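One structure below.
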């Protein structure tokens, strides 16, 4: 019997999957019933609660700048609860059309059970995300974010959202 992936392995699959644009694979990292929130979202979108909502969240819309990015500066803190990690990282990259570099810091607090994410609090720098969009000529009047499921909104790029990979509803 194969060993289930650890919280560390699941986190790395998530951030590297986002960076590499493997949108179709990302929902499978989550439990069928999950709880994903973005507490720093200025629009205070509702939590993503199911794998189907995450599938929609990660579906690229084709809007926004095309980005080349990678997960970098990763520090994973293990906690006294073996299901929970706190991971610091940033997406570093460039806007494909302009070559402008960006670094988008993030912190995830993940609970992984049986190899799947059952809850996640995803903290991102939305001001930097907006700046990347504005500098790429993609600023939107109201927000650089798209709806990502149950009201969650995240910055997006042509090949998926700028950060987690939300999708418009």
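Derivation of every value follows stated rules applied to the coordinates shown; laboratory data play no part. Source: prediction; values computed, not measured.
Short to long, the 5 Å bins of the Cα pair-distance histogram for region 1-131 hold 2, 10, 18, 24, 23, 14, 6, 2, 1, 0 percent of all pairs. Rounded to whole Å, the principal axis extents of the Cα atoms in region 18-85 read 41, 29, 27, largest first. Scaling against 2.2 N^0.38 Å puts the C-alpha radius of gyration of region 56-99 at 1.65.
Full extension of the chain between residue 74 and residue 2 gives 23.3 nm of extra length, using 0.36 nm per residue less the Cα-Cα distance. Annotation: extensible slack from residue 98 through residue 86 equals 1.0 nm (criterion: 0.36 nm per residue apart, minus Cα-Cα distance).
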